[in-house]
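Peer 1: Before I ask anything, let me first share the structure, which is written out below as structure tokens.
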Amino acid sequence: MDKRVDILIVGGGPAGLAAAVAAKKSGADRILILERDEELGGILNQCIHNGFGLHTFKEELTGPEYASRYIWQVEELGIPYLLQTIVIDISASEAVKLVTAINKENGIFTIEAKAVVLAMGCRERSRGALNIPGYRPAGIYSAGTAQRYVNMEGRMPGKEVVVLGSGDIGLIMARRMTLEGAKVKMVAELMPYSGGLKRNIVQCLEDYGIPLKLSHTVIDIDGRERVKGVTVAEADENRKPIPGTEEYISCDTLLLSCGLIPENELSVGLGVSLNPVTAGPVVNESLETSVEGVFACGNVLHVHDLVDYVSEEACSAGEHAAAYARGGRPAEEHKVTLKCAGGVRYTVPSLICVERIDKEQVVRFRVGSVYKDVFLTVYYNNTVVIKQKKRVLLPGEMEQIKLKKVEMEKFPDLKTITVAIEREG
Amino acid sequence: MASMDKKELICICCPIGCVITVTSHEDGTLDVKGNSCKRGEEYANKELTAPTRIVTTTVRVRGASRPVVPVKTKCDIPKDKVMECIKALKEIEVTPPIRLGETIVANVADTGVDIVATKAVE
Ligand SMILES: Cc1cc2nc3c(=O)[nH]c(=O)nc-3n(C[C@H](O)[C@H](O)[C@H](O)COP(=O)(O)OP(=O)(O)OC[C@H]3O[C@@H](n4cnc5c(N)ncnc54)[C@H](O)[C@@H]3O)c2cc1C
Ligand code: SF4
């Protein structure tokens, strides 16, 4: 094994794979992917439903099929990878990054890399984060764990199911468990809107007559050894249960689908600054973190719902990592800060160096609540440069807007770019 | 030509989930608006006449490192055939090696559509 590489990629999910392929195609040579699982593909291996890649491949693929398209490219390009290898530490000294990993064959070992791409993905918020009182009986699973059981290990977590939280994995598992013969009694969502995609509400719940109760939450879990039932209550606008609305529902399984958080322990250890809104690294136009030569993409950067965007973003991170490893990037002269206003929660990137943009810069963002018939406005300093009408903007769906370099260059004193949601007619 | 009926649908063909408005005219033609690509128009037409779905599930595998292999219907099948399709797949078991895209069941539930593997199993 090569102990010195140009680009080391942490994680072999769709983000890591696309970053590796793009880095190789833009001329980088010594690339290594480290993946802790026994196969490449990341979370896509358990996402057996269709709907992946329609925009990248003009074909509607399932998760494993989408992953194979990239795995083939990695194999074809001869990009080396190590499986069942966990990265446990990353540090940076001067221009060199030291990545420490562990596997059965080599024990603990360290690899020196010019550039590192963080592509560790995300994990699910756990029940601990939810504050449901009571015992911890068997039968409570995160929706992702249940997905792995059913789709990869071929076993069912239970027969009568209540899903708390309407994230996509929860919606998809409501359908999946129904198809496998379980009775899914309801999906309860604390917020007045669903956290999942509309298409999943249609094809996973409505198709099977599974009720979605918005502004409802589980306030009690019955059962000591195994879940026997849950008490669901309506929540008021402050998300507090309304007395008198309690309803007991018998079930043997409670699935939690309460959102995902980027997996950034390694990044924090390395000294990368995180954005408190996304829980992912703060990045610039090159998707480079606050530590020079360390890039981030995919769910470790911010939680995505469209894998096509993950691949696109990762491709850009891979190209920038290759440019960094090659050396001779244009100097950072003209730095612009991205700001959010009127309901935009965050932007990725949050810093742009105009010289380092190729032709255009993709800015991805999410909004904080449901907006109807609004304008998405982009300001360069105080001047409106883009104004798009939007029929609906949903917190569950990532938006993106493209900014052209030529437009930016028309503002020689450009300091801030503001992305805002505005109501006005 | 008088508009008869206006319906709002959400395109389920990809995660963008365009909101599609379909206006049915008296002469039976449909006017589809709001879709961002051609798929959306096809979907809206089908959803109002004969709704279909792609089915994804797993089939048991004997003697491989994982006990199941993911599969899908090669294209969409009538929505009311979904459960029958699932039932037919519960009754079978396959043995490795399985190639990606290999036919697992031909003409599932008499739909004329094949079930194919979505992952290779060594
Ligand atoms: C449980 C779950 C289910 C999901 N289901 C869906 C779905 O049904 N549909 C959908 O569109 N999206 C789904 N998503 C979102 C999905 O994660 C993204 O679409 C996409 O897979 C993100 O790609 P990624 O490469 O950033 O992350 P991942 O696919 O999560 O890949 C990250 C990879 O990094 C590896 N890794 C992490 N830490 C280390 C380390 N220290 N050392 C070595 N390797 C490491 C992991 O093993 C993993 O393979 C799901 C997410 C989760 C968490
Ligand atoms: S119309 Fe096209 S872009 Fe819109 S949801 Fe359907 S497939 Fe996706």
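Peer 1: Among what's in region B:17-41 and is near ligand 2 (Cβ under 9 Å from one of its atoms) and open to solvent by 70 Å² or more (accessible area, probe 1.4 Å), pick the residue that is nearest to A:Asp305 (Cα to Cα).
Peer 2: B:Ser36
Peer 1: Just name the residue that is nearest to A:Ile48 (Cα to Cα) out of those in region B:59-80 that are free of Cβ contacts under 8 Å to residues at least 24 places away in the same chain and at the interface with another protein chain (Cβ under 8 Å from one of its Cβ atoms).
Peer 2: Step by step, filter region B:59-80, then rank; the result is B:Val68.
Peer 1: Just to verify a result, which residue in region A:146-159, among those that are touching a residue at least 12 places away in the same chain (Cβ under 8 Å) and more than 10 Å from chain B (Cβ to nearest Cβ), is most open to solvent (accessible area, probe 1.4 Å)?
Peer 2: A:Lys159
Peer 1: With the requirement that a residue be within 13 Å of chain A (Cβ to nearest Cβ) and either small (Gly, Ala, Ser) or open to solvent by 30 Å² or more (accessible area, probe 1.4 Å) (or both), what does region B:104-122 give you?
Peer 2: Scanning region B:104-122 gives B:Ala117, B:Lys119, B:Ala120, B:Glu122.
Peer 1: I'm trying to understand the selection: among the residues of region A:35-73, which are within 8 Å of ligand 1 (Cβ to nearest atom), facing chain B (nearest Cβ under 10 Å) and outside any helix (DSSP H, G or I)?
Peer 2: Once the filter is applied, which keeps residues that are within 8 Å of ligand 1 (Cβ to nearest atom), facing chain B (nearest Cβ under 10 Å) and outside any helix (DSSP H, G or I), region A:35-73 yields A:Gly41, A:Cys47, A:His49, A:Gly51, A:Phe52.
Peer 1: While we're here: Pick from A:Ala115, A:Ala138, A:Ala146: which is more than 16 Å from ligand 2 (Cβ to nearest atom) and under 24 Å from A:Ser267 (Cβ atoms)?
Peer 2: So the residue among A:Ala115, A:Ala138, A:Ala146 that is more than 16 Å from ligand 2 (Cβ to nearest atom) and under 24 Å from A:Ser267 (Cβ atoms) is A:Ala115.
Peer 1: Sticking with this structure for a sec: Out of the residues in region B:6-30 meeting the condition of being in contact with a strand residue (DSSP E or B) (Cβ under 8 Å, 6 or more places away or on another chain) and modelled with pLDDT under 80, tell me which one is nearest to ligand 1 (Cβ to nearest atom).
Peer 2: B:Pro15
Peer 1: Oh, and also: Hey, does region A:275-297 have a residue that's open to solvent by 10 Å² or more (accessible area, probe 1.4 Å) and within 14 Å of chain B (Cβ to nearest Cβ)?
Peer 2: No, because not a single residue in region A:275-297 is open to solvent by 10 Å² or more (accessible area, probe 1.4 Å) and within 14 Å of chain B (Cβ to nearest Cβ).
Peer 1: Might you let me know whether region A:203-211 holds any residue that is within 29 Å of A:Arg176 (Cα to Cα) and touching a Leu at 6+ places or on another chain (Cβ under 7 Å)?
Peer 2: yes
Peer 1: Considering every residue within region A:139-159, establish whether at least one is closer than 27 Å to A:Gly244 by Cβ and not hydrophobic (A, V, I, L, M, F, W, C).
Peer 2: No, region A:139-159 has no match at all.
Peer 1: Consider region A:74-91. How many of its residues are among the hydrophobic types (A, V, I, L, M, F, W, C) and open to solvent by less than 50 Å² (accessible area, probe 1.4 Å)?
Peer 2: Residues that pass the stated criteria total 5.
Peer 1: Can you name the residue in region A:302-312 that is open to solvent by less than 30 Å² (accessible area, probe 1.4 Å) and more than 8 Å from ligand 1 (Cβ to nearest atom) and is also farthest from A:Val272 (Cα to Cα) among such residues?
Peer 2: Out of the qualifying residues, it is A:Asp308.
Peer 1: Which residue out of A:Val384, A:Val406, A:Val370, A:Val374 is more than 22 Å from A:Val336 (Cα to Cα) and open to solvent by 40 Å² or more (accessible area, probe 1.4 Å)?
Peer 2: A:Val370
Peer 1: Let me ask you something else. What number of residues in region A:173-193 are within 13 Å of chain B (Cβ to nearest Cβ) and either more than 16 Å from ligand 1 (Cβ to nearest atom) or surrounded by fewer than 24 Cβ atoms within 10 Å (Cβ to Cβ) (or both)?
Peer 2: Count: 6.
Peer 1: Can you name every residue in region A:43-68 that is among the acidic types (Asp, Glu) and within 13 Å of ligand 2 (Cβ to nearest atom)?
Peer 2: Matches in region A:43-68: A:Glu59, A:Glu60.
The values are calculated or read from the model by the stated rules, or taken from the named source; none is laboratory data. Since the structure is predicted, the reported quantities are computational estimates derived from the model, not experimental observations. Note that we place each Cβ from the backbone using ideal geometry, even for glycine, and neighbour counts take in every protein chain shown. Please note that ligands, DNA and RNA were not included when accessible areas were found on the heavy atoms of the full protein model with its side chains. Shrake-Rupley method; radii C 1.70, N 1.55, O 1.52, S 1.80 Å.
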